[in-house]
Structure formats: C-alpha cells, structure tokens
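Heads up, the thing below is written out as structure tokens.
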Amino acid sequence: MCITIQKKEYCCGCSACANACPKKCIDMQFDDEGFLYPVVDSTKCIECGLCTKICPIQNPCHLKENIPLSYVVQNKNSHVRKESSSGGMFSVLAEYVLAKQGIVFGAAYDDNFVVKHIGIESVADLYKLRGSKYVQSEVGETFRKAKECLENGRWVCYSGTPCQIAGLKNFLKKNYEKLLLIDIVCHGTPSPMLFKKYVEYHTRTEGPLKNIYFRNKEFGYAGSTMALEFKSGKKRFTGQDVHFFKESFFRDLSTRPSCYQCRFKTINRVSDFTLFDCWSVNTFKKEMDDDKGTTSVLIHSQKGLEIFDELSDKIEGVQVDFDLLKKDSGSMIEGRIKMNPLRDEFFKDAVNFTIPEMIKNYTPLTMKKRCIQAIKPILNRFKVLHVIKRKVGKLL
C-alpha cells in the first residue's frame with residue numbers, strides 16, 4: 001500500500017517517504033498554499049509499503065519519558081555569536097562534526113532565496129546554515145545523502161525542524177554512532193509560496209536582494225529585527241509587528257496545516273539536541289546577560305551529553321533546572337499553536353492578492369506599529385529593549 005494523504009494535517013512535508021521509495025515514484029509537489037505533499041506515480045509503484053512504514057506521523061517513534069539535561073550557553077567566538085540567531089551553539093556542534101571530516105546538513109537559501117536543505121563540508125560554508133529561516137525548507141534527497149555518508153563511515157550532523165528529524169530517524173531505521181541530530185524549536189512552518197511572493201515584491205519595488213535575515217541583531221538580541229540587505233547597499237530593518245511576513249507567521253495565519261496538530265513538539269525527542277532562544281538568561285546567570293544572544297540547550301541522549309562535555313572549552317554556560325527553563329520557555333518546548341480563524345481566507349487571498357493588498361487586509365500598519373518602529377532605535381540605544389525583553393519575553 002502506497003502513502004496517501006487523507007487530510008493535509010496528517011502530512012508534515014518531511015519527504016521521508018520520497019527519500020525511502022526504492023522506485024523513486026514519489027514526487028513532492030506544491031499544493032495551492034505552497035506546501036509540499038507526496039504524489040505517487042502508480043504506474044511505477046510496487047506496493048512495498050515502505051513509504052507508509054517510515055512516515056513519522058503514521059508510525060511515530062516511541063520515546064522513553066525522561067527529563068532532558070538543560071543548559072543555557074554562548075559561543076565563545078564573538079563573531080559567530082553575532083552572526084547567529086541566538087547564542088551560536090549550532091555552529092559549535094557543526095564545527096565538531098566538520099573537524100572530523102564529516103558533513104553538516106541544514107537549511108540554506110539558494111540563489112533565488114528558496115530555502116533548501118544542503119550539505120556542507122567546510123567551516124567556510126557554515127554561514128549558509130546559520131540564522132533562523134521562517135520558511136519550510138525543501139529536504140530534497142538529503143536523507144539519502146546523509147545515509148550514504150553514514151554507511152561510508154563518515155560523521156553526519158543533520159539539523160532541522162522536529163518533524164524533519166523524526167522523518168530522518170524513521171528513514172534511517174537504525175542508530176548510527178557517527179550521527180548527530182539537532183532539532184530547532186519550531187513555532188510552525190510558513191508557506192514557501194508566500195515567501196516567494198514576498199521576495200519577488202521587494203525585488204520588484206526596491207531592487208535585487210543580497211540577503212535576508214529573519215533575526216538580525218543590529219538593535220541587539222532583545223530587539224532582533226527582520227533585515228533585508230539589497231545589492232545596492234541599502235538595508236531595511238523591521239520588527240515582527242510591522243513586518244507582513246513575520247507578523248502573519250506569529251499570528252498563525254501562514255502555517256502548514258499539520259503544524260496545528262503537531263505531534264513532535266514534545267519534551268522528549270528523537271534528536272540528540274534541541275536548541276532554542278533563551279530570552280531570560282538573567283534568570284539563570286546574570287553575568288551572561290549581555291544582549292548578544294544565548295542558546296537554550298536540551299540534551300536527549302548519552303551521545304549528546306558526551307559531545308557536549310567535549311565542547312566545554314568552546315562555550316560559556318551553566319546547567320539549569322529543566323522545570324525552571326520550562327516555566328520560562330514552556331510554549332517553545334511543547335504544545336501546539338492554534339489556527340487563526342482567518343487562516344483559510346488568508347491563503348485564498350494570498351494566491352491572487354498582491355503583498356500590499358495582503359498587508360492592508362491582514363496586517364495593516366497601524367499608528368501603534370509606526371510608533372513602536374520609530375522609537376525602537378532610541379530604546380535600543382539606552383538598552384530599554386533589553387530590559388523590556390527580560391520582563392515580557394516578547395519581540396517588539
């Protein structure tokens with residue numbers, strides 16, 4: 001029996017089925033909302049059933065209930081920490097694998113700002129994988145590539161959303177000593193179609209883009225902003241509440257259907273590490289509260305603990321009580337987002353409306369938003385944003 005999608009909330013788009021198919025008869029195709037789903041060529045299918053067996057939703061991994069070891073850390077390399085969304089822990093783990101002549105897989109932009117998973121084999125290319133990308137990535141055939149490298153005895157680090165890592169784990173079907181799995185805390189995955197329209201709009205109205213930063217630290221870690229860098233040299237900075245793409249994301253308008261029924265945002269995970277922001281580091285160690293970024297780390301495996309111990313000279317950090325971390329960041333660790341009642345209407349309009357029309361209808365630029373955006377640089381100059389972030393844990 002081949003994989004079929006009865007309801008779209010039952011497919012997370014991890015592409016494990018397409019990677020596993022021995023006849024390569026499963027193609028991941030975009031639907032009207034811009035999300036990938038498997039389409040089976042029945043003329044090639046041999047009904048082996050492998051695609052359904054490795055689906056992480058149809059056949060979830062059974063995890064032991066353990067309390068993960070918890071840390072808050074910062075990369076000692078100040079440049080890397082500045083270029084990272086939070087504290088630079090991903091880079092430390094990636095460099096560990098690269099130093100062993102391994103390969104690191106993660107999400108990167110292609111030349112057209114399509115987010116795709118790629119493999120890198122040099123520290124010089126690590127910048128491609130740094131930084132949050134609030135778009136669902138195309139996994140492509142990277143699961144197969146990762147398995148090939150593992151079978152050849154190479155170290156592999158694979159980072160992705162919890163559902164992608166669960167899909168890879170099922171695809172591999174066994175544990176590998178030289179495999180390092182990292183999942184990033186996920187609020188949901190926005191539509192690549194919507195992001196494409198967003199990129200095309202700004203390219204058409206302001207010129208060719210050089211880079212897009214979802215979490216730029218120009219105004220400090222607490223005041224992380226969306227930043228567009230153009231080839232002309234111009235830069236545009238906007239906070240999430242005055243930015244159409246990020247605001248629609250955080251209002252749960254632009255997210256994949258399966259995210260509202262997420263099965264993977266749990267305390268226990270198949271990964272070795274879970275990484276996410278630590279907005280209240282002063283709660284755990286005031287000396288680390290420098291507004292330059294801190295990573296919360298959950299360690300789920302003995303392998304993860306052993307690697308973490310090996311990297312102690314690369315990071316500043318402190319072990320913290322999991323319950324305290326959960327109290328501070330619980331919504332990031334577990335639980336599901338709630339579908340915005342306007343979501344379906346939003347996507348119907350997104351197909352035909354322009355970006356300015358979508359902004360007018362769904363994320364209008366109010367006077368309050370204009371005022372926040374205007375005073376943000378001033379607040380940052382006097383470190384007021386940093387103090388506010390401590391108190392409310394919300395990006396301005």
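The values are calculated or read from the model by the stated rules, or taken from the named source; none is laboratory data. Owing to the predicted nature of the structure, the values given are computational and were not obtained by experimental measurement. Every residue, glycine among them, receives a Cβ derived from its backbone with ideal geometry; neighbour counts consider all protein chains shown.
Results, tabulated for the structure shown:
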{"read-out": "All positions within region 13-48 that are part of a loop (DSSP other than H, G, I, E, B), in contact (Cβ under 8 Å) with a residue 24 or more places away in the chain and within 20 Å of Phe347 (Cβ to Cβ)", "value": "Gly13, Asp32, Glu33, Gly34, Phe35"}
{"read-out": "Failed criterion for Ile299 (all others in (1) modelled with pLDDT of 95 or more; (2) under 30 Å from Ile359 (Cβ atoms); (3) surrounded by 16 or more Cβ atoms within 10 Å (Cβ to Cβ) hold)", "value": "(2)"}
{"read-out": "Matching residues, region 274-290, being in a strand (DSSP E or B) and within 18 Å of Ser224 (Cα to Cα)", "value": "Leu275, Phe276, Asp277"}
{"read-out": "Pick from region 185-210, criterion without any contact (Cβ under 8 Å) to a residue 24 or more places away in the chain and of a type in the set (S, T, N, Q), ranking: surrounded by the fewest Cβ atoms within 10 Å (Cβ to Cβ)", "value": "Thr205"}
{"read-out": "Hits in region 99-142 - residues which are touching a Pro at 6+ places or on another chain (Cβ under 8 Å) and not in a loop (DSSP other than H, G, I, E, B)", "value": "Val115, Glu138"}
{"read-out": "Top-ranked residue in region 267-291 [being modelled with pLDDT under 95 and hydroxyl-bearing (Ser, Thr, Tyr); ranked as nearest to Ile184 (Cα to Cα)]", "value": "Ser280"}
{"read-out": "Some residue of region 77-85 being touching a His at 6+ places or on another chain (Cβ under 7 Å), within 26 Å of Val318 (Cβ to Cβ), buried (at least 19 other Cβ atoms within 10 Å of the Cβ) and at pLDDT 95 or above", "value": "no"}
{"read-out": "Count of region 221-265 residues which are farther than 30 Å from Asp290 by Cα and out of contact with any Ser or Thr (no Cβ under 9 Å at 6 or more places or on another chain)", "value": "8"}
{"read-out": "Residue match in region 194-202 (condition: touching an Asp or Glu at 6+ places or on another chain (Cβ under 9 Å), of a type outside the set (A, V, I, L, M) and at pLDDT 95 or above)", "value": "no"}
{"read-out": "Members of region 226-250 that are part of a loop (DSSP other than H, G, I, E, B), in contact with a Lys or Arg (Cβ under 9 Å, 6 or more places away or on another chain) and surrounded by fewer than 19 Cβ atoms within 10 Å (Cβ to Cβ)", "value": "Lys231, Ser232, Gly233"}
{"read-out": "Sole residue being within 26 Å of Lys231 (Cα to Cα), small (Gly, Ala, Ser) and without any contact (Cβ under 8 Å) to a residue 24 or more places away in the chain, chosen from Ala107, Ala124", "value": "Ala124"}
{"read-out": "Test set (1) outside any loop (DSSP other than H, G, I, E, B); (2) farther than 19 Å from Leu179 by Cβ; (3) not β-branched (Val, Ile, Thr) - Ala94 fails condition number", "value": "(2)"}
{"read-out": "Considering residues of region 311-326 that are modelled with pLDDT of 95 or more and in contact with a helix residue (DSSP H, G or I) (Cβ under 7 Å, 6 or more places away or on another chain) only, the residue nearest to Val281 (Cα to Cα)", "value": "Glu316"}
{"read-out": "Residues within region 350-368 that are surrounded by fewer than 15 Cβ atoms within 10 Å (Cβ to Cβ) and either part of a helix (DSSP H, G or I) or of a type in the set (Phe, Trp, Tyr) (or both), tallied", "value": "8"}
{"read-out": "Search result, residues across region 134-146 that are farther than 13 Å from Val115 by Cβ and buried (at least 20 other Cβ atoms within 10 Å of the Cβ)", "value": "Phe143, Ala146"}
{"read-out": "Gly153 vs. criteria in contact (Cβ under 8 Å) with a residue 24 or more places away in the chain and at positive phi", "value": "yes"}
{"read-out": "Residues located in region 56-90, provided they are over 30 Å from Asn19 (Cα atoms) and of a type in the set (Lys, Arg)", "value": "Lys76, Arg81, Lys82"}
{"read-out": "Exclusive hit being farther than 16 Å from Lys169 by Cα, buried (at least 24 other Cβ atoms within 10 Å of the Cβ) and not acidic (Asp, Glu), set Thr274, Thr294, Thr283", "value": "Thr294"}
